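Q: Below is a structure I'd like to ask you about.
The values are calculated or read from the model by the stated rules, or taken from the named source; none is laboratory data. Since we're looking at a predicted model, the values are computed, not measured. Cβ placement follows ideal geometry from the backbone for every residue including glycine, while neighbour counts extend to all protein chains displayed.
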Amino acid sequence: MPVHFTETDQMMIDKASNVRIRDVDVINVYIDLEPVPFHRGFYSVDMTFFFEVELDVFMAPAAMPACIKGCVIYDKKVILYGSEGNVKLFCSDYAMDDPDTQSLPSKNLPKACVQVAKPIGLSAKLKEHKGCCSPCCRIPHCICTRFGGNFATDCSEKKVFVTLGVFTIVQIERNVQMLIPTYDFCIPEKECITSSDDPCEMFSRIDFPTDEFFPPKVSEMEEDHIGCGGGCGCS
């Protein structure tokens with residue numbers, strides 16, 4: 001995937017001789033959920049991943065590398081089953097010190113959630129590139145601010161391509177009505193029988209520990225060893 005840089009960083013890339021990937025992080029994931037036509041209960045989840053890639057840029061073979069950051073955009077689409085709901089939702093959201101206004105009615109659509117693990121930077125390559133380097137989609141202003149300005153859209157001499165390894169879990173969640181059995185408070189009906197305070201009487205009800213005075217024989221130990229399967233060292 002191509003890496004997008006600001007105009008200042010792109011000038012460094014045009015003069016670079018080599019690049020090396022240092023770190024990768026997930027900035028944000030934009031999710032769009034749409035029902036699939038002619039497939040009731042199925043939904044298309046369109047995800048746009050924004051990654052922050054940190055690179056070491058080598059301007060000369062023996063010079064110290066300069067560290068710059070760029071943005072990588074990746075699109076992914078999955079189709080999952082999320083059932084269907086034919087009701088409308090009317091909710092009243094309470095806010096402190098604000099009027100208790102009612103939310104607009106909405107359809108009973110499921111909610112898509114994406115879990116992303118820490119990405120792995122596999123490789124980075126510097127290639128000659130003649131042409132415009134515009135991103136495949138509009139980068140949000142909040143992400144542009146993170147990199148210190150707008151990304152370069154003019155023609156560039158060189159381009160950086162990276163390979164990332166990403167583990168994700170995509171889920172569709174829906175609120176459903178469930179019937180769970182409940183029980184009343186468990187009030188005890190029996191009273192505890194208090195024992196005598198005489199310690200001698202309590203001691204007299206304990207059986208004599210005969211086995212403690214007579215250690216087991218060899219045959220008994222072998223039987224226990226065979227019974228447990230052997231070789232486990234428990235004997």
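Q: Out of the residues in the range 13-67 that are of a type in the set (D, E, K, R) and over 21 Å from the mean Cα position of the chain (by Cα), state the one that is farthest from Ile172 (Cα to Cα).
A: In the first step, residues of the range 13-67 are kept if they are of a type in the set (D, E, K, R); the result is 14-15, 20, 22-23, 25, 32, 34, 40, 46, 52, 54, 56.
Next, only the ones that are over 21 Å from the mean Cα position of the chain (by Cα) stay: 14-15, 20, 22, 34, 40, 54, 56.
Working: Asp14: 43, Lys15: 46, Arg20: 37, Arg22: 34, Glu34: 12, Arg40: 15, Glu54: 32, Asp56: 39 Å.
Out of the qualifying residues, it is Lys15.
Q: Does Thr182 count as at pLDDT 80 or above and outside any loop (DSSP other than H, G, I, E, B)? Before the answer, list the steps.
A: Details: at pLDDT 80 or above: yes; outside any loop (DSSP other than H, G, I, E, B): no.
Considered against the rule, which asks whether it is at pLDDT 80 or above and outside any loop (DSSP other than H, G, I, E, B), Thr182 comes out as no.
Q: Six or more apart or on different chains, Cβ atoms under 9 Å: show the pairs whose first residue is in the range 57-85 and under 21 Å from Val162 (Cβ atoms) and whose second is surrounded by fewer than 13 Cβ atoms within 10 Å (Cβ to Cβ) and among the β-branched types (Val, Ile, Thr).
A: Within 9 Å, the pairs are Ile68/Thr8.
Q: Checking His141 against (1) touching a strand residue (DSSP E or B) at 6+ places or on another chain (Cβ under 6 Å); (2) at pLDDT 80 or above, only one condition comes out false. Which one?
A: (1)
Q: Considering only residues that are in a strand (DSSP E or B), over 20 Å from Thr163 (Cβ atoms) and out of contact with any Gly (no Cβ under 6 Å at 6 or more places or on another chain), which ones fall in the range 1-53? Please lay out each step first, then the result.
A: Filtering the range 1-53 for residues in a strand (DSSP E or B) gives 2-4, 6, 18-35, 42-53.
Now narrow it down to the ones that are over 20 Å from Thr163 (Cβ atoms): 6, 28, 30-35, 42-46.
Of everything in the range 1-53, those that are in a strand (DSSP E or B), over 20 Å from Thr163 (Cβ atoms) and out of contact with any Gly (no Cβ under 6 Å at 6 or more places or on another chain) turn out to be Asn28, Tyr30, Ile31, Asp32, Leu33, Glu34, Pro35, Phe42, Ser44, Val45, Asp46.
Q: Another question, if that's okay. If we scan the range 39-59, do we find a residue that is crowded, with 16+ Cβ neighbours inside 10 Å and of a type in the set (Lys, Arg)? Full working, then the answer.
A: Residues of the range 39-59 that are crowded, with 16+ Cβ neighbours inside 10 Å, as a first pass: 42-45, 47-53, 55-58.
In the following step, the residues that additionally are of a type in the set (Lys, Arg) were identified as none.
Taking every residue of the range 39-59 in turn, none turns out to be crowded, with 16+ Cβ neighbours inside 10 Å and of a type in the set (Lys, Arg).
Q: List every residue pair whose Cβ atoms lie under 6 Å apart, where the two residues are 6 or more positions apart in sequence or sit on different chains, the first residue falls within the range 97-124 and is within 30 Å of Val166 (Cα to Cα) and modelled with pLDDT of 65 or more, and the second residue, located anywhere, is basic (Lys, Arg) and in a loop (DSSP other than H, G, I, E, B).
A: What qualifies is Pro110/Arg174.
Q: Do we have Leu33 as surrounded by 13 or more Cβ atoms within 10 Å (Cβ to Cβ) and touching a Ser or Thr at 6+ places or on another chain (Cβ under 9 Å) here? Quick ask: steps written out before the conclusion?
A: Numbers: surrounded by 13 or more Cβ atoms within 10 Å (Cβ to Cβ): yes; touching a Ser or Thr at 6+ places or on another chain (Cβ under 9 Å): yes.
For Leu33, the condition - surrounded by 13 or more Cβ atoms within 10 Å (Cβ to Cβ) and touching a Ser or Thr at 6+ places or on another chain (Cβ under 9 Å) - is met.
Q: Hey, another quick one. Has the range 194-201 got any residue that is in contact with a strand residue (DSSP E or B) (Cβ under 6 Å, 6 or more places away or on another chain), outside any helix (DSSP H, G or I), loosely packed, with under 12 Cβ neighbours inside 10 Å and at pLDDT below 80?
A: Taking the range 194-201 first, the residues in contact with a strand residue (DSSP E or B) (Cβ under 6 Å, 6 or more places away or on another chain) are none.
Scanning the range 194-201, I find no residue that is in contact with a strand residue (DSSP E or B) (Cβ under 6 Å, 6 or more places away or on another chain), outside any helix (DSSP H, G or I), loosely packed, with under 12 Cβ neighbours inside 10 Å and at pLDDT below 80, so the answer is no.
Q: So Thr6 ticks every box in (1) in contact (Cβ under 8 Å) with a residue 60 or more places away in the chain; (2) surrounded by fewer than 18 Cβ atoms within 10 Å (Cβ to Cβ); (3) of a type in the set (Ser, Thr, Tyr) but one. Which box is left unticked?
A: Failed condition: (2).
Q: Anything in the range 1-58 that is of a type in the set (S, T, N, Q) and under 17 Å from Pro140 (Cα atoms)? List them, or say none.
A: Taking the range 1-58 first, the residues of a type in the set (S, T, N, Q) are 6, 8, 10, 17-18, 28, 44, 48.
Result: Thr6, Asn28, Thr48.
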